[in-house]
Amino acid sequence: MKVPFVSFVPMENELNEQLRDAFERVFSRSWYIDGAEDDLFEKEFAIYIGVKYCIGVGNGLDALMLCLKALGIEEGDEVIVPSNTYIATALAVTYVGAKPVFVEPIIDTFNIDPSKIEAAINEHTKAIMPVHLYGQACDMDPIMDIAKKYDLKIVEDCAQAHGATYKGRKVGTFGDAAGFSFYPGKNLGALGDAGAVVTNNKELADKVRALGNYGSDFKYHHIYKGNNSRLDELQAAFLLAKLPLLDKMNAERRRIANRYLQEIKNDKIQLPLVPNYTVPVWHIFAIRCNERDRLGAYLDNEGICTNKHYPIPIHLQDCYSELGYGMGAFPIAEEISNTELSIPMYYGLTNEEVTYVIDRINSFK
């Protein structure tokens, strides 16, 4: 049996008519930027997340960068980020001139460890950027308490967590602002690059919108040195077509994940921990194995595609060599990088395929 790591085919087949209608709707208007589709998607996504404002932007990295820029984070400032995350989190900090400061995760949840944050705070610290990695919420209460104690801003990185909840409340509603990615592989994905910022602060929302539109509050009037990062009409229309299906797709991911959690029984495999404060949406189902590379090769030989998230931690990437970190600086992130393996997880994965994945993992010796 062949089991892909991800496939868009089941979802796209289900939404074929709606996606084609979305294209025709945009094409017939001959209006491709800042139009009716973008306006409606922003309203609908804000309602879905439970915030007052949503601003469509070009991609998830831009969403995070614009949040920081709008909050006044700049050169000389420091922003706390998890040591275990995709590089976009750190790049957003770098792009505003600030320094990313890494804090280790809880190894079983993969998310930032709140108990380690306070030790990383100094007079230069201006914000914390918790990442709801793999679709599971961070423990936000202690993070919020620390931010309040030290008067720090919070920007949530929700790139992998569309619809995930913390104590019954959707992620993206806790911080000063949050960034979402709609990269095609996300739980809510466009048919190209796209992203959004959400917030309950009107002043911040207006600033993000202006910054993403060349710093302009109205045509040819520029109040900031801005960027060009806008959600185009076509991607907004595709996202509008997919949004009503998101909860159904997330529920199916949870069903698949629950089978993995209950039925994978192999002493060589460490399964992710799901704390009782979160309902994950399982953008990625990450297991750990001390023989990760051998396991990956074995599964590949059995027709099961896997991935590694992420094989080189940020502090050991060449582009961040100026930070001066060497091997062993963040041992938990390094252990995750050396042992994590992502197994198939997507809407439309059949019961037979899930059973096959489980059986093959359980047969790994």
Query raised in the report: Looking only at the stretch 23-53, which residues are in contact with a Lys or Arg (Cβ under 9 Å, 6 or more places away or on another chain) and not in a loop (DSSP other than H, G, I, E, B)?
Result: I33, A36, E37, D38, A46, Y48, I49, Y53
Report task. Would you mind stating whether N227 is over 18 Å from the mean Cα position of the chain (by Cα) and polar (S, T, N, Q)? Result -> yes
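Determine if the stretch 273-282 includes at least one residue that is more than 22 Å from the chain's Cα centre (by Cα) and not small (G, A, S).
No, the conditions are met nowhere in the stretch 273-282.
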Query raised in the report: How many residues does the stretch 71-95 contain that are free of Cβ contacts under 8 Å to residues at least 40 places away in the same chain and open to solvent by less than 20 Å² (accessible area, probe 1.4 Å)?
Result: 1
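Residue by residue, here is whether (1) among the acidic types (D, E); (2) closer than 23 Å to Y86 by Cα; (3) open to solvent by less than 20 Å² (accessible area, probe 1.4 Å); (4) in a helix (DSSP H, G or I) holds:
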site	(1), (2), (3), (4)
T109	no, yes, yes, no
C138	no, yes, yes, no
A147	no, yes, yes, yes
E156	yes, yes, yes, no
Q160	no, yes, yes, no
N187	no, yes, yes, no
L191	no, yes, no, no
L204	no, no, yes, yes
D217	yes, no, no, no
Report task. Filter the stretch 304-321 down to residues that are under 16 Å from S342 (Cβ atoms) and in contact with a Phe, Trp or Tyr (Cβ under 9 Å, 6 or more places away or on another chain) and give me whichever is surrounded by the most Cβ atoms within 10 Å (Cβ to Cβ). Result -> P313
Requested in this report: Could you tell me whether any residue of the stretch 166-181 is of a type in the set (D, E, K, R), in contact with a Phe, Trp or Tyr (Cβ under 6 Å, 6 or more places away or on another chain), more than 13 Å from N59 (Cα to Cα) and assigned to a loop (DSSP other than H, G, I, E, B)?
Outcome: yes
Query raised in the report: How many of the residues in the stretch 299-313 are assigned to a helix (DSSP H, G or I) and under 16 Å from the mean Cα position of the chain (by Cα)?
Result: 0
Report task. Determine, yes or no, whether E44 is without any contact (Cβ under 8 Å) to a residue 60 or more places away in the chain and open to solvent by 20 Å² or more (accessible area, probe 1.4 Å). Result -> no
Report summary line: Within the stretch 219-239, restricting to residues that are under 17 Å from M65 (Cβ atoms) and touching a residue at least 40 places away in the same chain (Cβ under 8 Å), the one that is surrounded by the fewest Cβ atoms within 10 Å (Cβ to Cβ) is N228
Query raised in the report: Among the residues of the stretch 271-289, is there at least one that is small (G, A, S) and without any contact (Cβ under 8 Å) to a residue 60 or more places away in the chain?
Result: no
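One line per residue, one yes/no per condition, for (1) touching a residue at least 40 places away in the same chain (Cβ under 8 Å); (2) within 28 Å of K242 (Cβ to Cβ):
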| residue | (1), (2) |
| --- | --- |
| T125 | yes, no |
| H132 | no, yes |
| M144 | no, no |
| K153 | yes, no |
| A161 | yes, yes |
| D176 | yes, yes |
| Y183 | yes, yes |
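Here's the yes/no breakdown for (1) under 24 Å from D113 (Cα atoms); (2) open to solvent by 40 Å² or more (accessible area, probe 1.4 Å); (3) out of contact with any Leu (no Cβ under 7 Å at 6 or more places or on another chain); (4) assigned to a loop (DSSP other than H, G, I, E, B):
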site	(1), (2), (3), (4)
E252	no, yes, yes, no
I256	no, no, no, no
L261	yes, yes, no, no
V281	yes, no, yes, yes
I287	yes, no, no, no
A297	no, yes, yes, no
**Report entry** Residue selected from the stretch 121-132 under the condition out of contact with any Leu (no Cβ under 9 Å at 6 or more places or on another chain) and either open to solvent by 20 Å² or more (accessible area, probe 1.4 Å) or hydroxyl-bearing (S, T, Y) (or both), by the criterion farthest from P82 (Cα to Cα)
**Finding:** E123
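The values are calculated or read from the model by the stated rules, or taken from the named source; none is laboratory data. Treat the numbers as computed from the prediction; the structure is a model and nothing was measured. Positions of Cβ are generated from backbone atoms using ideal geometry, with glycine treated the same way; all protein chains shown enter the neighbour counts. Heads up: the accessible areas ignore ligands, DNA and RNA and are worked out on the full protein's heavy atoms, side chains in. Shrake-Rupley method; radii C 1.70, N 1.55, O 1.52, S 1.80 Å.
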